[in-house]
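Heads up: the structure comes next, in structure tokens.
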Amino acid sequence: MAASRDDFVIAIRSAFIKKGNKQRFSLIGLIFFSIGLLILSKISFPVTNYLKITLNEIVYRSSFIVSIPEKKIQDLSNKIKDHFNVYNDYLLVKEKIKILQSKKYNTQFLEEENKRLKKTINEYIYNSEELVAKVLIDKNSPFLKSIIVNKGSKDNVKLGMAVLDQSYLVGKVVEVNYSTSRVLLISDLNSKIPVGIEPGNIQSILTGTGRINGKIEYLETDISIEDNSIVYTSGSGGLFKPGIPIGTYYQETEESYEIVNFFSKLSQLTFVKLVSFDESKN
Amino acid sequence: MSSKFKNTIGNTFLLYLPLLLLFISVFNEFDFNYLNYQYFSFNFPFILIFYWSLKRIETLGYGFIFIAGMFNDAVLGFPIGISSLTYLIICGFAAYLRNITLRPSLTKDWLYFLFTILFANSINYFLLVLFFSIEINYYEILGNIIFTFLLYYIFAYIFDIYRKILLRIKV
């Protein structure tokens with residue numbers, strides 16, 4: 001019994017403490033170093049923050065270069081799919097254009113009317129600054145849904161900026177480095193966005209599911225929402241301006257939670273707009 | 001014959017190919033996630049690190065594994081040090097198995113690998129969720145563990161062939 005315990009101790013000691021053949025570091029030393037780094041990250045020690053920013057700058061660029069062959073294969077497969085679907089897409093687009101053209105004039109009128117009414121009631125008007133950024137890394141990791149864009153603090157990117165694909169919300173900036181930034185996508189489990197659902201201006205919170213859609217949370221039980229209602233940002237909390245379209249709402253079954261299908265295809269982002277808003281009184 | 005092959009560019013490439021693969025896989029995260037099969041993903045660095053730590057640790061080296069972990073954290077947006085710790089835990093388990101094994105068997109290694117990745121992922125999950133308050137879908141992790149475990153057998157078989165080539169040319 002004692003001999004087998006000794007064997008165990010010797011095997012453990014040999015595995016963790018002794019430096020192996022041609023090894024500069026012992027395993028246990030590096031494990032303690034990793035734990036130390038984690039603790040320093042947790043308490044936001046300045047040196048680890050600088051280390052992180054430097055590492056991010058190097059890694060994001062390198063990762064972009066290393067990912068080029070995989071991206072090319074992915075693009076090629078998407079192109080082939082597109083070619084096969086071209087006729088069906090054409091018919092769909094033709095139909096959509098017809099509908100949109102009829103809506104366009106209506107929208108223009110409503111926009112002007114909205115501006116006039118806001119002036120009348122002395123409501124805030126939102127000024128926005130836009131910045132177009134290229135998506136460097138889009139990893140679709142099983143753990144975190146985020147992308148890296150090629151704009152950072154040198155381009156005046158700020159934490160919390162809204163990230164749009166055309167006019168649809170796709171995420172917010174959660175990490176800013178010197179020339180790159182990380183955007184947490186709205187599909188991530190950690191993303192929580194105050195939203196309003198139209199018609200009815202029903203206030204709620206949109207959370208990511210970690211997949212391709214989102215879900216509505218903290219909704220009162222007696223409220224019923226029609227399928228295909230549109231989900232917009234509500235502007236609560238002041239981070240985003242109200243009215244940025246996000247997706248359409250639907251409930252699969254009575255028991256299941258409410259799903260939001262995003263307007264933007266989050267796995268196909270190539271260029272995005274980083275937008276900051278500020279409120280000004282009339 | 002073997003000395004003739006030593007120190008050529010080809011041999012150096014062969015020798016460092018697993019290390020190169022490790023860095024490419026952490027930079028690129030190639031896990032076929034873009035196929036969009038629900039829950040299908042696997043952790044190639046885990047397979048690579050476990051196999052080479054078990055069979056021939058000097059090919060990768062603890063220092064490089066530590067650095068690869070830091071790069072992986074930067075790519076995934078995790079707190080710096082978490083992947084390094086996970087990778088080094090895998091190295092520790094592999095080194096322990098190496099020390100106690102007299103007659104290596106792929107099936108035993110395979111089962112031990114399952115235990116190792118379960119432990120390593122538990123540490124990873126515990127730190128991310130409880131220590132850093134990052135929400136993670138544990139079904140995704142479970143899928144990742146299962147596919148990593150299943151694919152280990154195939155990759156280990158390929159690496160065995162590769163290791164035999166290395167032994168033959170004595171690099």
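The values are calculated or read from the model by the stated rules, or taken from the named source; none is laboratory data. Bear in mind that the values here come from a model prediction, so they are computed numbers and not experimental data. Virtual Cβ from ideal backbone geometry, glycine too; neighbours counted across all protein chains shown.
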Any idea how many residues of the stretch A:242-263 are assigned to a loop (DSSP other than H, G, I, E, B) and at pLDDT below 80?
6
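How many residues does the stretch B:134-170 hold that are within 14 Å of chain A (Cβ to nearest Cβ) and farther than 22 Å from A:Leu185 by Cα?
5
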Looking at the stretch A:8-36, I want the residues that are more than 8 Å from every other protein chain (Cβ to nearest Cβ) and under 20 Å from B:Leu60 (Cα atoms) and have a partner that is modelled with pLDDT of 75 or more and surrounded by 13 or more Cβ atoms within 10 Å (Cβ to Cβ) with Cβ atoms under 6 Å, at least 6 apart or on another chain. Which pairs are those?
A:Ile17/A:Ser26; A:Ile17/A:Ile28; A:Lys19/A:Ser26
Could you please find all residues in the stretch A:158-173 being part of a strand (DSSP E or B) and surrounded by fewer than 22 Cβ atoms within 10 Å (Cβ to Cβ)?
A:Leu164, A:Asp165, A:Tyr168, A:Lys172
Restricting to the stretch A:160-193, what's the tally of residues that are closer than 30 Å to B:Tyr139 by Cα and either charged (D, E, K, R) or more than 13 Å from chain B (Cβ to nearest Cβ) (or both)?
15
Which ones in the stretch A:174-221 are of a type in the set (Val, Ile, Thr), touching a helix residue (DSSP H, G or I) at 6+ places or on another chain (Cβ under 8 Å) and assigned to a strand (DSSP E or B)?
A:Val176
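B:Phe40 - would you say it is part of a loop (DSSP other than H, G, I, E, B), modelled with pLDDT under 85, under 20 Å from A:Leu144 (Cα atoms) and touching a helix residue (DSSP H, G or I) at 6+ places or on another chain (Cβ under 9 Å)?
So B:Phe40 fits the description; yes.
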Conditions first: (1) within 12 Å of another protein chain (Cβ to nearest Cβ); (2) buried (at least 19 other Cβ atoms within 10 Å of the Cβ); (3) farther than 25 Å from A:Leu184 by Cβ; (4) in contact (Cβ under 8 Å) with a residue 60 or more places away in the chain. B:Arg56 passes all but one, so which condition is the exception?
(2)
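Test B:Phe131 against the criterion of being surrounded by fewer than 15 Cβ atoms within 10 Å (Cβ to Cβ) and facing chain A (nearest Cβ under 7 Å), and give yes or no. I'd like the intermediate steps shown before the answer.
On the way: surrounded by fewer than 15 Cβ atoms within 10 Å (Cβ to Cβ): yes; facing chain A (nearest Cβ under 7 Å): yes.
Yes: the conditions hold for B:Phe131.
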Sole miss for B:Tyr112 among (1) crowded, with 21+ Cβ neighbours inside 10 Å; (2) free of Cβ contacts under 8 Å to residues at least 24 places away in the same chain; (3) in contact with a Leu (Cβ under 7 Å, 6 or more places away or on another chain) is condition (1)
